[in-house]
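Just below is one structure, and these are the notes that go with it.
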Amino acid sequence: MTIQSAPTDNQHALLANTPHYQISFERFNEHLADICFDFVATTHAPTLSMVTWLAGSYLIREFSKNITAVDYQLDGTTHRSEKLNKNTFKLSHVKAGDRVRVRYEVYCRDLSVRTAFVDQTRLFGNFSSLLLLLDDAKHTPATLTLSVPMQFLAQHPNCQIACGLQHETVQSKTGIEYRFAALAAFDYLDYPFEIGTQDTFEFVVNHQQKTLPHRFFLTGRHHGQLTRLQSDLQKICQTYLDWLGDAPFGHYTFMAMVTNKDYGGLEHINSTALISPRSDMPRIDEPMPPSDGYQRFLGLCSHEYFHAWWVKTVKPDVMINNPLTHESYTPLLWVFEGFTSYVDDLMLLVAGVIDKASYFKLISDQINRYQQTDGKAYQSVAESSFDAWIKFYRPDENSTNQGISYYNKGALVALLLDLMLLDKSSGNYRLLDVIKHCYQQSNNQPFGLTTEILGDIIAPVLGRQTWQEFYENYVIGTQPLPLEEYLGKFAITVNHQETSKPWGMSLSAGDQLTITHIHRQSAASQAGLAYNDTIIAIDGLKATNQLLTLLNQQQSITKQPVQIHAFRRDELMTFELPPDNTYHQTVSLSGDGGQWLSFCFDK
């Protein structure tokens with residue numbers, strides 16, 4: 001880390017007319033960020049507003065709810081802003097030409113990758129949840145400084161910042177400042193930051209005659225073997241560059257937080273923020289193929305990395321120049337998240353960090369999840385995409401009964417489309433070529449994809465009628481996916497096994513048998529049992545998982561109803577469960593894979 005001395009007053013004066021944000025973390029123990037915004041007004045009574053959602057996470061998140069109050073100083077006098085709506089503040093006393101200082105605080109205690117989290121262990125933030133933007137100057141260059149106090153640095157003697165933005169580190173009287181060069185204020189929203197004690201490593205990815213630097217930052221207590229992670233991650237990233245032939249970034253930053261059980265990721269223009277269970281980190285004796293947990297983490301890294309091409313560059317047309325203030329509906333999330341969920345695991349195989357058996361298991365898991373989701377018969381994957389704003393990020397106990405995940409089904413639609421393209425082209429064209437074609441059209445600039453454009457690319461290979469039938473049956477329709485038929489064309493056998501889920505319900509782990517999910521039209525549902533009921537007795541005996549399974553199996557012979565006692569709220573209720581003939585099909589894959597898996601990208 002290069003620490004420079006603070007610039008002189010004359011140097012500050014050169015930037016006097018450039019809007020400037022100063023974010024201070026003096027009150028980190030209170031989970032507060034104090035923000036000061038200086039600018040020269042160009043209009044009377046200017047307004048400032050905060051975006052309501054961030055790209056890649058399709059839910060109105062109401063970031064402004066964490067703002068306590070917005071005041072502003074004008075000619076030495078402090079005024080209270082006038083709130084116009086949930087996220088817009090008016091500075092009524094300001095005239096054009098006035099120099100204004102706005103002050104406000106933001107409460108930061110969301111551990112996810114989507115907002116901000118501030119305490120004595122780390123300073124993490126997305127600027128989308130921190131910055132009030134001047135409405136008439138959102139795309140005007142502004143500078144930004146993050147101020148870290150001595151009290152925080154004393155607890156982090158090796159403090160580092162992870163961020164995709166270039167910056168300079170300046171020693172101040174009160175701590176350290178991270179200063180960013182002028183950038184359009186709105187563009188800051190795509191650059192999260194992480195400050196604190198972090199384990200790091202670097203690697204390069206070769207691209208034509210140059211190398212692209214990659215950095216990885218890991219925060220949180222762990223015992224992960226980072227040498228193994230560095231090697232595997234470099235292989236994965238190199239595989240993407242070998243395939244796509246170009247990158248929409250000059251350098252890339254991974255920033256990861258490990259906890260006990262949290263999981264997720266969010267893509268950004270040249271970085272990603274990740275959160276993962278520490279048990280998913282590679283062990284010192286991590287085997288090959290990797291453990292399921294480590295595969296999951298590599299898949300997460302792969303998924304978010306690919307989004308630099310497929311979401312940040314090629315994106316749904318409605319996301320081009322989106323102001324991030326209102327819902328932006330698209331039926332294409334199955335293309336962007338679904339294709340990515342197919343490609344992310346495939347690249348692990350191509351990179352050589354997992355073997356074919358591991359890959360088959362990942363595909364089998366996707367198929368089994370899809371098959372056991374009753375909602376697949378009621379919601380299409382295009383509808384699932386469109387309804388992301390009201391359903392995907394607000395799941396409840398009935399979600400899988402009424403809908404399907406555009407990640408899960410989207411990945412399987414991508415697999416089916418890949419197999420069909422390979423079959424129709426005699427192995428000469430596949431889904432990866434469709435993706436690469438779209439990216440090449442972008443020329444490293446945002447490219448808006450529509451259903452029509454996608455069809456125009458695919459139809460010449462599949463045939464217009466075949467593509468139309470595919471689209472009607474599997475994208476906007478709910479017809480069962482003919483995966484077994486097409487996997488069979490590539491020497492893949494789909495092995496079936498029947499498994500019983502007693503009376504069609506899932507129960508919480510542990511001694512207390514609380515219902516966590518009930519399938520549609522199951523014996524439990526028809527008997528009147530419901531989500532969150534706690535079963536205490538079965539046929540007069542204390543309820544246990546073992547007894548539940550035993551009596552369910554015996555019932556297939558006796559054909560007699562089983563009596564269940566359960567608490568709903570604090571009331572004891574009795575239910576008669578009829579004989580249960582509900583079975584679920586689980587599958588596993590075996591075989592060679594033929595042209596589906598025997599390929600390279602040197603085309």
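Would you please name the residue that is farthest from Thr272 (Cα to Cα), looking only at residues in the range 88-129 that are in a loop (DSSP other than H, G, I, E, B) and within 20 Å of the chain's Cα centre (by Cα)?
Cys108
May I ask you to verify whether Leu266 is in contact (Cβ under 8 Å) with a residue 12 or more places away in the chain, in a strand (DSSP E or B) and farther than 17 Å from Thr200 by Cα?
Criteria met by Leu266.
Condition first: assigned to a loop (DSSP other than H, G, I, E, B) and surrounded by fewer than 20 Cβ atoms within 10 Å (Cβ to Cβ). Now tell me which residues in the range 497-521 satisfy that.
Lys501, Ser508, Ala509, Gly510, Asp511, Gln512, Arg520, Gln521
From (1) touching a Phe, Trp or Tyr at 6+ places or on another chain (Cβ under 7 Å); (2) surrounded by fewer than 16 Cβ atoms within 10 Å (Cβ to Cβ), pick out the condition that doesn't hold for Leu481.
Unmet for Leu481, out of (1) touching a Phe, Trp or Tyr at 6+ places or on another chain (Cβ under 7 Å); (2) surrounded by fewer than 16 Cβ atoms within 10 Å (Cβ to Cβ): (2).
Out of the residues in the range 32-64 meeting the condition of being at negative phi and acidic (Asp, Glu), tell me which one is nearest to the chain's Cα centre (by Cα).
Applying the first criterion (at negative phi) to the range 32-64 yields 32-44, 46-55, 57-61, 63-64.
Keeping just the survivors that are acidic (Asp, Glu) gives 34, 38.
Numbers: Asp34: 28, Asp38: 33 Å.
So, considering only residues that are at negative phi and acidic (Asp, Glu), the one nearest to the chain's Cα centre (by Cα) is Asp34.
For residues in the range 528-574 being of a type in the set (Ser, Thr, Tyr), within 42 Å of the chain's Cα centre (by Cα) and not in a loop (DSSP other than H, G, I, E, B), which is surrounded by the most Cβ atoms within 10 Å (Cβ to Cβ)?
Thr534
Which pairs have Cβ atoms under 6 Å, sit 6 or more apart or on different chains, and link a residue in the range 560-576 that is within 13 Å of Gly540 (Cβ to Cβ) to one that is outside any strand (DSSP E or B) and of a type in the set (Asp, Glu)?
The qualifying pairs are Val562/Asp539; Gln563/Asp539.
Give me the pairs, please: first residue somewhere in the range 352-376 and assigned by TED's automatic domain parsing to the domain that holds Tyr240, second residue anywhere and among the aliphatic types (A, V, I, L, M), beta-carbon distance under 6 Å, and either six or more positions apart or on two chains.
none
Within the range 485-496, how many residues are of a type outside the set (Lys, Arg) and either more than 30 Å from Trp596 (Cβ to Cβ) or not in a strand (DSSP E or B) (or both)? Spell out the reasoning first.
In the first step, residues of the range 485-496 are kept if they are of a type outside the set (Lys, Arg); the result is 485-488, 490-496.
Filter once more, so that each one left must be either more than 30 Å from Trp596 (Cβ to Cβ) or not in a strand (DSSP E or B) (or both): 485-488, 490-491.
Of the residues in that region, 6 qualify.
Restricted to the range 378-409, and to residues that are within 15 Å of the chain's Cα centre (by Cα) and under 23 Å from Leu362 (Cα atoms), which residue is surrounded by the most Cβ atoms within 10 Å (Cβ to Cβ)?
Tyr406
So which residues in the range 256-313 are among the aliphatic types (A, V, I, L, M) and within 15 Å of Pro192 (Cα to Cα)?
Step one: list which residues in the range 256-313 are among the aliphatic types (A, V, I, L, M), which gives 256-258, 266, 269, 273-275, 281, 284, 288, 298, 300, 308, 311.
Correct list: Ala256, Met257, Leu266, Ile269, Ala273, Leu274, Ile275, Ala308.
The values are calculated or read from the model by the stated rules, or taken from the named source; none is laboratory data. Because the structure is a prediction, the values reported are computed rather than measured. Neighbour counts run over all protein chains shown; Cβ positions are idealised from the backbone, glycine included.
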